[in-house]
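Student: First the structure, which I've put down as structure tokens, then a few questions once you've had a look.
The values are calculated or read from the model by the stated rules, or taken from the named source; none is laboratory data. Keep in mind that what you see is a predicted model, and the values were worked out from it rather than measured. With ideal geometry, Cβ positions are generated from the backbone for all residues, glycine too; neighbour counts draw on all protein chains shown.
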């Protein structure tokens, strides 16, 4: 076995072509070993094995610097840079992250988990090299799906006109983003692959260009990379690869196998039983599809991740022209929904919280200054969601809650979520951001309301009590509810329990009403405390006699944490919340 003896790229260079092909098979076995057990990005890694081997055979990492876009195709790179144990040693699998990680190896230069960044970062490395009069190769790897991101296009524009030195941009073209690609530039990529292009996207930017049809052929890739090594100007190396190569199910179902949960290799079936439990993504798509049947102004907008709000391929077909995917281009999506709303449409943009960070300016400028009634539905806004450091959703409230005109709705159960979504789509006065709960679909006896227009920024008192008020937002409401019951059991009084619903502003009337019979207000929010919802309340009550304790997450880049343990450490459990009652006077 060759992989076991690969301690770094220098060992790759010792192998002949036949041995390199065997190594490719061993890398895929390592991928199977890891992915069947803990899951991860499947298609991107299986499709980039040969290219990674060829890169390390030709270039001299870490002196020559590789920057992987998104970095969800770095598993083979990690195996060839001394980290194969994270793939072949079951006891050490969890030691290696799923993304580029400089703390793991000198062969990784950035922590990267978002799309369309590699060319910009590589341009910066190249400029830094030039300022020092060094001479290493700088190689950016970018998937075709990432090219639609604005930062990628801005970087290509810079590279082609302003950087007159070595920069190698490897475009990994497998004709697939997460879902299918969308946008005009992909027609040009297809023409370039077919040899029928009358124009060339890359040369139009001023870049040199070379193409290799057999992007999974190690011998041809080695010759290709040897040709561009030490080049004295920026060049795009366009390679045609097969996403999911080496596993038939993944090659034939590229969208479903972009990422996989632990699975049985023979059948491809997940080892996790998701059962028939309700899911907010499916509830969202089903509600929107139902509205589309009777209202042709309703339109769902995605940005490369349509299943983030339930639009599987089947449901995209059902929606027809009332579904739009702009590709990985969230900024365009926000501008687009603002325009649709302005012209009488009812747009709903669905994505994950971590990706909406790219659109701060568009939400502020294009949408909210114009006060257009578009809806943004966000998944994974929670501590219970994605836990890789690059995909955290815990900054959403702090990032967006201070933008004027924007209503941020934090539903606490299924009924409230659906009623809020239904209202947000049909109303025509406010831009709305709706946060999907991250603690599962809660069915209880608390109903939502039909028209939230009559209670904008008004809190809902779910239980009237005394001494202590728990203001529990969104999917932390259930924690507040449990704490409320525990307080009554332990201390003999019933606290007030408040569901704020709106977390972009405060309800002054409600807060003022607490001053007479309450000594302590405890706020709970599923996000960082700094700049969050609770601090607004603390600021307002600051000169009153009421103590305020804000509970939430610290301003920290958490990575691969256990949510239950993290909340325990932060004191966000019913038991520890109830203990705060010791702060009040007996």
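Student: For region 73-86, give me the residue count where each residue is farther than 21 Å from residue 143 by Cβ, assigned to a helix (DSSP H, G or I) and either touching a helix residue (DSSP H, G or I) at 6+ places or on another chain (Cβ under 9 Å) or not assigned by TED's automatic domain parsing to the domain that holds residue 109 (or both).
Tutor: Total satisfying the criteria: 3.
Student: So residue 548 fits all but one of (1) farther than 23 Å from residue 404 by Cβ; (2) touching a residue at least 40 places away in the same chain (Cβ under 8 Å); what number is the exception?
Tutor: It is condition (2) that residue 548 fails.
Student: Inspect region 180-187 for any residue being under 30 Å from residue 135 (Cβ atoms) and either surrounded by 15 or more Cβ atoms within 10 Å (Cβ to Cβ) or under 31 Å from the mean Cα position of the chain (by Cα) (or both) and give the result as yes or no.
Tutor: There is no residue in region 180-187 that is under 30 Å from residue 135 (Cβ atoms) and either surrounded by 15 or more Cβ atoms within 10 Å (Cβ to Cβ) or under 31 Å from the mean Cα position of the chain (by Cα) (or both).
Student: Restricting the search to region 449-459, which residues are touching a helix residue (DSSP H, G or I) at 6+ places or on another chain (Cβ under 9 Å) and assigned to a helix (DSSP H, G or I)?
Tutor: Within region 449-459, 452, 453 meet the criteria.
Student: Looking at 196, 203, can you tell me which residue is surrounded by fewer than 16 Cβ atoms within 10 Å (Cβ to Cβ), within 34 Å of the chain's Cα centre (by Cα) and free of Cβ contacts under 8 Å to residues at least 12 places away in the same chain?
Tutor: Selected residue: 203, the only one of 196, 203 that is surrounded by fewer than 16 Cβ atoms within 10 Å (Cβ to Cβ), within 34 Å of the chain's Cα centre (by Cα) and free of Cβ contacts under 8 Å to residues at least 12 places away in the same chain.
Student: Restricting attention to region 420-448, which residues are surrounded by fewer than 18 Cβ atoms within 10 Å (Cβ to Cβ), at pLDDT below 95 and touching a helix residue (DSSP H, G or I) at 6+ places or on another chain (Cβ under 6 Å)?
Tutor: Listed by number, the residues that qualify are 443, 447.
Student: Where residues in region 255-271 are without any contact (Cβ under 8 Å) to a residue 12 or more places away in the chain and under 23 Å from the mean Cα position of the chain (by Cα), which of them is surrounded by the fewest Cβ atoms within 10 Å (Cβ to Cβ)?
Tutor: Selected residue: 270.
Student: Looking at this structure, is residue 128 more than 21 Å from residue 326 (Cβ to Cβ), surrounded by fewer than 24 Cβ atoms within 10 Å (Cβ to Cβ) and touching a strand residue (DSSP E or B) at 6+ places or on another chain (Cβ under 7 Å)?
Tutor: No, not satisfied.
Student: Select from region 45-58 the residues that are touching a strand residue (DSSP E or B) at 6+ places or on another chain (Cβ under 7 Å) and either surrounded by fewer than 22 Cβ atoms within 10 Å (Cβ to Cβ) or part of a helix (DSSP H, G or I) (or both) and list them in ascending order.
Tutor: Listed by number, the residues that qualify are 51, 55.
Student: With the structure loaded, tell me whether residue 42 is modelled with pLDDT of 95 or more, within 21 Å of residue 176 (Cα to Cα) and in contact with a helix residue (DSSP H, G or I) (Cβ under 7 Å, 6 or more places away or on another chain) or whether it fails that test.
Tutor: no
Student: Given 230, 286, which one is in a helix (DSSP H, G or I) and either at pLDDT 95 or above or under 26 Å from residue 166 (Cβ atoms) (or both)?
Tutor: None of the others qualify; the one that does is 286.
Student: (1) under 20 Å from residue 396 (Cα atoms); (2) out of contact with any strand residue (DSSP E or B) (no Cβ under 9 Å at 6 or more places or on another chain): which one isn't true of residue 474, the others all being true?
Tutor: It is condition (2) that residue 474 fails.
Student: Among the residues of region 96-142, write down those that are in a helix (DSSP H, G or I) and in contact with a helix residue (DSSP H, G or I) (Cβ under 6 Å, 6 or more places away or on another chain).
Tutor: 119, 120, 123
Student: Here is a check on your reading of the model: is residue 361 touching a helix residue (DSSP H, G or I) at 6+ places or on another chain (Cβ under 8 Å) and surrounded by 20 or more Cβ atoms within 10 Å (Cβ to Cβ)?
Tutor: Answer is no for this residue.
Student: Name the one entry in 49, 70 that is more than 21 Å from residue 265 (Cα to Cα) and touching a helix residue (DSSP H, G or I) at 6+ places or on another chain (Cβ under 7 Å).
Tutor: The unique qualifying residue is 70.
Student: Could you list, in sequence order, the residues of region 7-40 that are under 16 Å from residue 87 (Cβ atoms) and part of a loop (DSSP other than H, G, I, E, B)?
Tutor: Listed by number, the residues that qualify are 7, 8, 39.
Student: Can you find, within region 187-201, the residue that is farthest from residue 28 (Cα to Cα) among those that are in contact with a helix residue (DSSP H, G or I) (Cβ under 7 Å, 6 or more places away or on another chain) and not in a loop (DSSP other than H, G, I, E, B)?
Tutor: 201
Student: In region 560-586, which residues are modelled with pLDDT under 95 and touching a helix residue (DSSP H, G or I) at 6+ places or on another chain (Cβ under 8 Å)?
Tutor: Passing the criteria: 560, 581.
Student: Testing residue 181 on (1) part of a helix (DSSP H, G or I); (2) in contact with a helix residue (DSSP H, G or I) (Cβ under 7 Å, 6 or more places away or on another chain), one condition comes back false. Which one is that?
Tutor: Of the numbered conditions (1) part of a helix (DSSP H, G or I); (2) in contact with a helix residue (DSSP H, G or I) (Cβ under 7 Å, 6 or more places away or on another chain), the odd one out for residue 181 is (1).
Student: For region 143-169, how many residues meet the condition of being part of a loop (DSSP other than H, G, I, E, B) and either at pLDDT 95 or above or more than 26 Å from the chain's Cα centre (by Cα) (or both)?
Tutor: 4
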